[in-house]
1. Give 235, 225 a once-over and let me know the one that is farther than 24 Å from residue 155 by Cβ, assigned by TED's automatic domain parsing to the domain that holds residue 176 and touching a helix residue (DSSP H, G or I) at 6+ places or on another chain (Cβ under 7 Å).
2. Of the conditions (1) under 17 Å from residue 69 (Cα atoms); (2) away from ligand 1 (no atom under 16 Å from the Cβ); (3) in contact with a helix residue (DSSP H, G or I) (Cβ under 8 Å, 6 or more places away or on another chain), residue 267 satisfies every one except a single condition; which number is it?
3. Please go through segment 92-121 and pick out each residue that is surrounded by fewer than 17 Cβ atoms within 10 Å (Cβ to Cβ) and at pLDDT below 95.
4. Restricting to segment 71-91, and then to whatever is in contact (Cβ under 8 Å) with a residue 60 or more places away in the chain and in contact with a helix residue (DSSP H, G or I) (Cβ under 6 Å, 6 or more places away or on another chain), can you tell me which residue is surrounded by the most Cβ atoms within 10 Å (Cβ to Cβ)?
5. On the given criteria, is residue 297 assigned to a loop (DSSP other than H, G, I, E, B) and in contact with a strand residue (DSSP E or B) (Cβ under 6 Å, 6 or more places away or on another chain)?
6. Have a look at 248, 219 and point out the one that is modelled with pLDDT of 95 or more and away from ligand 2 (no atom under 14 Å from the Cβ).
7. Can you name the residue in segment 272-303 that is under 29 Å from residue 163 (Cβ atoms) and surrounded by fewer than 22 Cβ atoms within 10 Å (Cβ to Cβ) and is also nearest to ligand 2 (Cβ to nearest atom) among such residues?
Ligand code: IPM
Ligand code: MN
């Protein structure tokens with residue numbers, strides 16, 4: 001019989017609350033012959049305070065023995081900025097070579113969005129996940145003095161750019177509109193920008209059915225707001241992708257709905273699925289967190305593991321739930337329960 005070994009990292013703040021709902025939805029969606037084995041990892045602020053550890057090697061090795069990872073959120077104001085982000089979240093993305101950071105954006109009818117009523121917002125950002133300014137290259141000289149110099153070096157390799165660009169072409173090719181937009185800033189970042197552009201054009205010759213387009217990142221932010229329907233698949237570097245996907249979330253109903261997958265398409269290491277939002281310590285424990293982003297991340301997880309029909313059911317449940325949302329305020333648990341009922345109902349009707 002089939003089985004899924006899932007590593008679960010609830011993490012900080014609202015992480016554990018939204019992950020609990022994600023697991024409920026996952027269990028509801030999976031066919032009954034699939035055995036789900038979960039193992040929870042105590043990583044994040046609590047662990048760091050207690051032991052000084054962020055992600056010990058033994059844990060990294062153990063995480064590797066799974067088919068996928070579900071992560072809630074990492075980060076807490078009581079921990080210096082960067083310690084958990086670099087030492088845990090980015091360490092995982094780098095160690096497991098998650099070079100495709102997949103972030104879909106879809107505007108569901110009746111979503112509270114500043115762009116509500118737009119004809120169609122349905123695009124996916126393929127954000128590079130292992131290079132760019134995130135590699136930690138750089139340093140600071142004469143730290144703390146008026147003569148301080150700090151550098152953050154963006155690392156872009158032909159190998160790294162090509163593999164993510166190729167993945168984006170494949171995704172564009174598989175979608176009805178078959179359009180791929182490269183976003184960079186090659187009028188200023190001439191070294192990295194021109195590498196991206198050359199690779200983008202060269203790989204594109206292998207995908208004659210895909211229409212291509214290039215935008216500078218600043219112009220792209222304008223079009224996200226004024227003409228979001230022009231986008232289908234976007235491929236971009238790690239930092240531009242980080243910024244653009246928060247904006248993408250804002251125009252499609254907010255960060256409470258934005259899902260992501262940190263994917264290693266080769267399958268050499270487990271891929272990791274997480275909501276785009278952070279740990280939101282201000283609302284932790286209040287039941288106000290919307291678990292929808294985590295549930296949609298579970299759909300990406302299901303699709304990645306080959307459970308396409310199940311993924312589609314979860315996404316349909318979310319679409320129905322959002323469309324049917326009234327003005328009543330629901331708790332994290334209530335939203336989770338509503339999604340589970342809808343998933344179960346659609347399992348019954350096939
Ligand atoms: C995200 C987050 C992370 C990132 C931080 C927490 C390191 O903002 O997943 O978008 O910058 O990638
Ligand atoms: Mn971000």
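The values are calculated or read from the model by the stated rules, or taken from the named source; none is laboratory data. What you are looking at is a predicted structure, and each value in this text was computed from that prediction instead of being measured. We place every Cβ from the backbone using ideal geometry, glycine too, and count neighbours over all the protein chains shown.
1. The conditions single out 225.
2. (3)
3. The answer is 109, 110, 112, 114, 116, 117, 118, 119, 120.
4. 73
5. No.
6. Among 248, 219, only 219 is modelled with pLDDT of 95 or more and away from ligand 2 (no atom under 14 Å from the Cβ).
7. 278
Each row is one residue, and each column tells you yes or no for (1) in contact with a helix residue (DSSP H, G or I) (Cβ under 9 Å, 6 or more places away or on another chain); (2) exposed (fewer than 15 other Cβ atoms within 10 Å of the Cβ).
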residue: 169; (1), (2): yes, no
residue: 174; (1), (2): no, yes
residue: 185; (1), (2): yes, no
residue: 194; (1), (2): no, yes
residue: 197; (1), (2): no, no
residue: 206; (1), (2): yes, yes
residue: 210; (1), (2): yes, no
